[in-house]
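Reading through the structure tokens given below for one structure.
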Amino acid sequence: MNAIKIAYLAYDNKKEMTSFLVQIIISKNNKNGLSMKLTLILSLTLCLSFFCFGNELNAQETVVSHEYSRALHYITEKKYNDALEILKKLEVSENQAEQQSHIYYQIALCYSFLNRTDDAIQYAEKSIRKMRSFEKPYLLLFDLYNDSNRFDDSTYVLHNLVEFDRSHYEHYFTLGIMYGKYIKNNYLSRYCFEHIIKISKKKPVPSQYLENSYLYLSSIYFEEEENVKAIDALNMAAKYNPDHNSRFYNVANYYISKNMLHEAVLTIRYFVDNLTEDQKKEGFIYKIYAFLGRMYYLQDKKEAMYYLRLGARDTSFDGTICRALFEELAGNNRRAEEELLKIVEKNDGYISPYYALAKIMDKKGKKAEAHDYYITTSLMLYNSGLTGSAKGSLLKALSIKPAEPKTHELLARLYEAENKYASALYHYKKSDPELKDIDKIIHIAFLYYYIDNHSLAREMVKKGYSVDQNNDRLYFIDGIVLYNQNEYKDSIQQLEKAISISAENPEYYFYLAMSQDKMDLYDETVVSIKRAMELDDKNPDYYNYLGYLYADKNINLEESEKLLNTALRAKPFNGAYLDSMGWLKFRQGDYKNAERYLVRAYRNLRAVGMRDSVVYDHLGDIYEKTGDKRMALRFWKMALSLDKQNEQIRKKIED
């Protein structure tokens with residue numbers, strides 16, 4: 001009995017026959033030989049092909065199913081033209097969307113085997129438009145684009161697929177590599193590998209995917225100078241494969257050479273934690289223990305005593321320092337002081353001896369000397385990236401001299417670097433109690449603006465006016481604060497004052513243009529943004545702003561495209577710029593490319609943790625134009641969730 005006849009017999013009793021075929025195929029005792037098994041596999045394939053057309057078939061659908069199965073049979077025999085002849089007839093039949101999608105896919109597959117790539121792409125896209133959740137046409141397109149070195153297209157298509165099922169770790173892994181290696185987009189590469197880690201929290205993911213995801217993430221984090229994340233990712237990779245542990249030693253040496261001690265400590269700690277017992281006995285390890293001992297000493301950690309004792313066995317200068325620090329911790333201050341003074345005289349590049357001397361002088365009641373040693377220590381720690389320890393040393397110095405302005409200013413900078421703005425503001429004010437320093441006043445005003453405390457920002461600006469009425473930066477900060485309070489007329493007034501004092505600052509004109517735009521002063525807006533571009537022709541934000549302004553007004557579209565291309569050449573993965581180009585394409589009636597740019601905008605913004613109601617609204621408009629109401633509603637609802645008072649979007653949904 002041939003495969004097609006078996007498949008037709010199966011049609012009347014789908015479940016039982018399919019199960020029966022599977023059992024025969026996997027049976028180890030099948031006496032009918034390989035050829036019979038191949039026939040049965042084909043039968044099962046054809047049988048399943050009937051199922052894709054649904055459970056209830058009318059007479060016409062039965063004919064379609066019969067012809068479709070014949071076409072599949074021709075494909076298995078590599079008779080692609082014969083298969084196409086049948087499938088092209090089925091193409092014009094009235095079929096359900098799912099049926100039509102499968103027909104289009106098989107046509108695309110035949111064309112791909114015949115090396116008619118353009119036709120294959122056309123029909124694979126048709127298949128997707130009929131049923132967006134059907135996986136096979138996406139994968140076919142991915143292969144076709146890759147074979148043509150069209151990596152931007154292949155990556156875009158594969159990412160479209162995972163939007164419908166975000167649990168496909170293998171596809172996300174491929175995307176991560178594609179974005180990193182071919183597209184050079186670290187944001188989306190990182191997003192994909194991080195998403196695999198998230199998937200692993202919900203369902204099992206093979207260890208090789210996790211190991212390599214962490215390795216790729218480690219490289220991306222290093223490149224982006226997110227060093228703590230890079231070290232943690234490398235440590236996770238080492239947990240899956242201990243062979244990666246040797247990388248820690250090289251990375252630690254790099255950090256030490258750059259005086260990045262905080263990162264070096266983290267790296268060496270992981271390296272030591274993963275050492276074998278034999279490795280812990282090798283001679284070089286004592287130098288590592290000495291380094292950890294000194295670093296833990298600076299952080300006032302209890303582990304310092306343990307590692308200093310081990311590091312003291314090192315025969316180099318590092319061992320000498322460890323022995324002196326150990327003496328201080330043991331309470332032998334006189335002996336420790338003698339050794340530490342010799343050490344700083346011989347080599348003043350080590351931080352821990354100064355901190356030890358500060359502690360000794362503090363205990364001896366020599367407060368002035370202790371204060372100076374604490375300040376020296378904190379500056380060295382700050383320059384080495386050990387900001388937490390630097391802050392601790394400054395606080396100890398402040399306990400000795402509570403009103404020292406410079407100490408407060410240094411503490412303020414450290415807190416600001418940690419995004420602890422309340423503490424930063426407190427210490428900035430303490431560093432200038434009477435608020436006479438105009439630069440400090442401006443900085444404090446900007447910090448208030450940054451944390452959205454507009455009333456205190458304006459209060460500080462008014463204080464600044466009493467110190468210096470002709471400071472352009474004061475008027476500028478006042479202008480941008482007023483802009484964020486929706487006081488556009490007053491914002492324009494203050495920004496124009498800033499320009500009257502300093503007419504060569506492009507940023508002033510840019511913010512002036514934004515306020516004028518909000519007041520519907522179109523001509524003035526264009527003049528201001530063009531002036532900003534004259535003063536700084538390298539800033540892509542200015543090109544994007546004017547390009548989008550033209551597109552939104554539906555004027556000067558050719559000039560708009562030139563401006564937006566300039567912006568995108570500078571920052572090809574900027575979500576706002578991609579949205580602008582997408583909206584321009586929409587205005588030009590190029591809906592296919594409009595969708596592509598807007599989807600890329602949406603993805604790139606999501607990769608950096610941003611959501612934008614304008615992008616979602618634009619995507620909804622695109623899908624409405626292309627007849628995909630379901631997708632249009634999806635994105636309009638997303639837009640409305642971020643902009644709940646937008647009646648225009650609400651009306652689109654209700655209509």
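The values are calculated or read from the model by the stated rules, or taken from the named source; none is laboratory data. Predicted model only: the values in this text are computed from it and were never measured. In this analysis, Cβ positions are derived from the backbone assuming ideal geometry, glycine residues included, and neighbour counts consider all displayed protein chains. Quick note on the areas: whole protein, heavy atoms, side chains included, nothing else; ligands and nucleic acids left out. Shrake-Rupley method; radii C 1.70, N 1.55, O 1.52, S 1.80 Å.
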Computed FRET value (nearest 0.05) for Gln493 with Lys406, which takes r as the C-beta separation and R₀ as 30 Å: 0.20
Sorted peptide list for 389-399, 222-232, criterion being average Cβ within 10 angstrom, highest first: 389-399, 222-232
0 to 90° range, to nearest 10: angle between helix 438-450 axis and the chain longest Cα axis: 30
FRET E, pair Asn347, Asn253, Förster distance 22 Å, beta-carbon r, rounded to 0.05: 0.70
Crossing angle, helix 454-467 versus the chain [Cα axis fit, 0-90 degrees, rounded to tens]: 40
Segments 351-360, 163-172 sorted - mean Cβ within 10 Å per residue, highest first: 351-360, 163-172
For segment 459-515, accessible area per residue (1.4 Å probe, heavy atoms of protein chains only), Å²: 47
Signed unit charges on C-beta, dipole axis of the chain, positive-most listed residue Ile177, Asn453, Val467: Ile177
Sulfur and carbon atoms: percent of accessible area, the chain [1.4 Å]: 49
For Leu598, solvent-accessible area (1.4 Å; no DNA, RNA or ligand), Å²: 0
Among Asn556, Asn235, Met514 - extreme Cα towards positive end, dipole of the chain, charges at beta-carbon: Asn235
Full-stretch length increase - Ser641, Leu456 - with 0.36 nm per residue and alpha-carbon distance subtracted: 63.6 nm
Segment 552-655 - charge dipole about Cα centre, Lys and Arg +1 at Cβ, Asp and Glu -1, debye rounded to 20: 400
Pairwise Lys count, segment 550-655 - Cα closer than 23 Å, eight or more residues apart or different chains: 29
Packing-based order for 543-549, 566-572, using average beta carbon neighbours within 10 Å, highest first: 543-549, 566-572
Options (i) 182; (ii) 220; (iii) 261 - which one matches volume of the Cα convex hull per residue in Å³ as calculated here: (ii)
Whether segment 191-243 is rounded, prolate or oblate, judged on the alpha carbon gyration tensor where a/c under 1.5 counts as rounded: oblate
Principal-axis tilt of helix 169-178 within the chain, Cα atoms, nearest 10 degrees: 70
Candidate lysines for bridging to Lys280, where Cα separation is under 29 Å - those fewer than 8 sequence places away on the same chain excluded: Lys229, Lys239, Lys258, Lys301, Lys302
Dipole magnitude (debye, nearest 20) for the chain, charges at Cβ of Lys, Arg, Asp, Glu: 2100
Heavy atoms of Thr387 accessible to a 1.4 Å probe, total area in Å² rounded to 10: 50
